[in-house]
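Worksheet for the structure shown next.
The values are calculated or read from the model by the stated rules, or taken from the named source; none is laboratory data. Computed from a predicted structure; not experimentally measured. Glycine also receives a Cβ, built like all others from the backbone with ideal geometry; neighbour counts cover every protein chain displayed. For the accessible areas, the whole protein counts, side chains as well, though only heavy atoms, and no ligand, DNA or RNA atoms are used. Shrake-Rupley method; radii C 1.70, N 1.55, O 1.52, S 1.80 Å.
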Amino acid sequence: KWKLSLNELGILALLNESHSVDLNPAVLYPWRQRSSGGLSRVKRDWIIPPIRVLENSKQVPENLVQIKSDKIFTGEVIYKLEGPGVDQDPKNLFEIDDKTGWIRSMIPLDREKYRSFTLKAFALSPSGERLENPSTIEIVVLDQNDNRPNFSQKEFAGSVYEFSVPGTSVMSVTATDADDPTTDNAILSYSIIGQESIPPLRINKTMFGINNETGAIYTRDVGLDWEVVKGFRLILQVADMSGMGLTSFANAVIHVIDINNNPPRFSPYLYTMSAVENKVDFVIGWVNATDNDEPGTGNWETKYTIAKGNPSRNFAIRTDPVTNEGILSVVKALDYESQEVYTLTLTVENVNPLSIKAPKNPVSSATVVVTVVNENEAPRFIKDPIEILVPESVVPGTVLASNIAYDPDNAKLKYDILRDPEGWLIINHETGEIAARKPFNVRSPHVKNNIYNAVIRVTDTDAGGISTTASLVITLRETNDFFPQLFPLMGTVCSESGRKTSGLFLTAVDEDLPPHAEPFTFHLQDINVSTHAVLRPLVELETGEYAVTVLVTDSGTPSLSAYAQVNVTVCPCGKDGECKAEAAAIFGTRVGVSFIALLVIMASIALLLLLLLLAVAVGNCRRHHMKKGEGLLVGDSDEDIRDNVLNYDEQGGGEEDEVRHYNMLQLAEPSYLVTISPLGKQPLRKDYPDNLPSPSYPRKPPADPTDIEDFINDGLEAADHDPNIPPYDTALIYDYEGDGSLAGSLSSIASASSDGDQDYDYLNDWGPRFKKLANMYDPR
């Protein structure tokens, strides 16, 4: 195989699997053992042990080992070397003599960079043919103690609580060595070679120790007091070769941590201060407490408390974070008249609880005497705003509020009203009693959401005249002041009773606000409905004008009712439920003329027609009677006036027909609560019992014109004794229109026995159409 020459080692140990080292020449030089049959081959491969090279060697180049092939060749053998350190990085560290096989190191080696190299050696023929398998050669660099140990930091920092017991762990330091850790070159040893207190010279004894193997620093003695010493500076050393080799140094700074072993103490213990009454949120003084613990920490920060003398919580105290002083303030106004002097007891303690190592002393306390300074105070309202609930219909002079303000100094007060835009209020300038000057109106532009605002001022009469104002908030309660008004007051309905038509829609309005307005109630034949109703006939009615009196009641408390008369035009309707054109032309008018006035006009026209018929029938007789002075009509004109008179059909029995048809109307399709009362029952006749039949009315005028007076008197007599209609000249009531009608009553028209008893001047007051008639009967 291969033959090695180990320079400077002196021994070659060839190891073969489990065999022991054997230095038998037959083993060392196997190529010398020959047989008759030729070369004999070794049964097993050789294992070449590592070649050891000392680092940092200055004898370079240095022969390390020589290799030779154990085969016999007739020609020349060339040796080659490959691997890291030769033709691979790092290159040019080793080389081989291609003829002799010597391997040399070319430069000093550094174990901290390259600990070993694995190379391969080849035996080649001159033509480059490999003569046998390559051999592996391992070169190991041996360590020298050429590296100092190094601390991981130039300065270490640690801390320890004051009054710690000996053996308390403080911190650990570390160091490293680049030499071979398997040798003494890298075995380190730690030590403390110096100690200095902060501040200097406070403690001279050795307070700390260090574990020489691990670098753990611990306390060795008692006496660590933050109030005495704030820390220590240590000088550390580390050495390799177990403390006998190379060394390095570092510093360690150890801070002593304060514990809360000193309670705060007041200094001084008595304080005097003053405070002006009626002011809040102002400082009246400072108190001081001292603490020997570390400033800026919770062990030093103080917390002040008012332990006694502050039952109404007029005072408060807080801590100044910079100076640690207590700042005493007034947070609730003081009253000189109530209390002139306050004696406060203060206590103080730390934010952090005391340590168990602190002395067992009582909590420090101090006394503060506060004198209240009197000043002229402004009057005060008992309530601001002053709130009052008043009905809008309040009676003038009603007292709304009293005893509204007082003066803390018991000065005499003067009251006045600064703002009252509607002038509804009056105030007693001495007592402050507020009363209503006149009724309120919730619809005033100065009333918003039923609230009326005023401003009251009160002034004391002391020097300076200090004033105070307050708002007067008056909530107006809506009262039922307005009667409901029915509308519309005229309309049209179909005469047919069974037709499904819309009828006449009735509703009402009320100037009051809820809840004194809708829902309304109406009444007609005991049918109840809600803010509107539909008026329809119960039976088929004759076409014409009807008047319906409706009682409308609102929902106020108490409720108000009002009568309203609705003029209803009854007309024939088509299939679409609308009035026919002819009927609408005659009966469908909506001109708004009162039904009473219409009745008077129609009666007058009928009377005129009868008079004209009478004049035509008795032609010559009329002239005869006129000469004798016995005629009913007197005139001096022969002009025939018949062309100016319209002939109207008979309209029936007047009031009797109206009343009978009145009971044939109904309210249909109710949607709200309503009450309606028929005209035949409102107002009631008090001179006749109810439910008596109506008398017979004269239906046609007599043939003889001289009986006109009797015809009219008979009709009036029947109407006066009819128990089912009101006791008036007409059977219908439209509305009250005042006293003193210029037209007069039809019952005043009567016939006399002679022309001398008649006075026709009133006909001139009936309008242009009756002037011609007046001239006929008045020859003047």
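A compact table of results
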{"item": "Contacts under 8 angstrom Cβ, first residue in the range 258-274 being farther than 14 Å from Leu328 by Cβ, partner hydrophobic (A, V, I, L, M, F, W, C) and open to solvent by 70 Å² or more (accessible area, probe 1.4 Å), 6 or more apart", "result": "Ile259/Phe163; Asn260/Leu354; Asn261/Phe163; Asn261/Leu354; Pro263/Leu354; Pro263/Val363"}
{"item": "Residue in the range 253-267 that is surrounded by fewer than 17 Cβ atoms within 10 Å (Cβ to Cβ) and in a loop (DSSP other than H, G, I, E, B) present", "result": "yes"}
{"item": "Qualifying position, being farther than 30 Å from Leu346 by Cα and open to solvent by 80 Å² or more (accessible area, probe 1.4 Å), among Glu387, Glu377", "result": "Glu387"}
{"item": "Qualifying position, being at pLDDT below 85 and of a type outside the set (D, E, K, R), among Ile96, Ile103, Ile48", "result": "Ile48"}
{"item": "Positions within the range 177-196 being part of a strand (DSSP E or B), more than 13 Å from Asn251 (Cβ to Cβ) and not small (Gly, Ala, Ser), in sequence order", "result": "Tyr190"}
{"item": "Residue that is farthest from Leu236 (Cα to Cα) [pool: residues in the range 160-176 that are outside any strand (DSSP E or B), hydrophobic (A, V, I, L, M, F, W, C) and touching a residue at least 60 places away in the same chain (Cβ under 8 Å)]", "result": "Phe163"}
{"item": "Inter-residue pairs, beta-carbon under 6 Å, first farther than 30 Å from Asn278 by Cα and in the range 338-363, second surrounded by 11 or more Cβ atoms within 10 Å (Cβ to Cβ) and hydroxyl-bearing (Ser, Thr, Tyr), 6+ apart", "result": "Val363/Thr347"}
{"item": "Exclusive hit being surrounded by 15 or more Cβ atoms within 10 Å (Cβ to Cβ) and among the charged types (D, E, K, R), set Asp281, Asp291", "result": "Asp291"}
{"item": "Failed item, numbered, when Asp179 is tested on (1) touching a residue at least 24 places away in the same chain (Cβ under 8 Å); (2) more than 30 Å from Ile259 (Cβ to Cβ); (3) open to solvent by 50 Å² or more (accessible area, probe 1.4 Å)", "result": "(3)"}
{"item": "Pro488 being surrounded by fewer than 16 Cβ atoms within 10 Å (Cβ to Cβ) and modelled with pLDDT of 90 or more", "result": "no"}
{"item": "Of all residues making up the range 437-480, the number that are touching a residue at least 40 places away in the same chain (Cβ under 8 Å), in contact with a Pro (Cβ under 9 Å, 6 or more places away or on another chain) and not in a strand (DSSP E or B)", "result": "8"}
{"item": "Index of the failed condition, Val287 passing every other in (1) in the same structural domain as Val341 (by the TED database); (2) at positive phi; (3) in contact with a Phe, Trp or Tyr (Cβ under 7 Å, 6 or more places away or on another chain)", "result": "(2)"}
{"item": "Meets criteria (within 15 Å of Ser495 (Cα to Cα), open to solvent by less than 10 Å² (accessible area, probe 1.4 Å) and at pLDDT 65 or above) for Thr543", "result": "no"}
{"item": "Scope the range 407-436; condition in a strand (DSSP E or B) and open to solvent by 40 Å² or more (accessible area, probe 1.4 Å); matching residues", "result": "Lys414, Ile417, Leu418, Arg419, Ile426"}
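Conditions (1) part of a loop (DSSP other than H, G, I, E, B); (2) modelled with pLDDT of 95 or more; (3) farther than 23 Å from Val373 by Cβ, marked per residue:
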| position | (1), (2), (3) |
| --- | --- |
| Gly298 | yes, no, yes |
| Tyr304 | no, yes, yes |
| Ala316 | no, yes, no |
| Tyr336 | yes, no, no |
| Thr345 | no, yes, no |
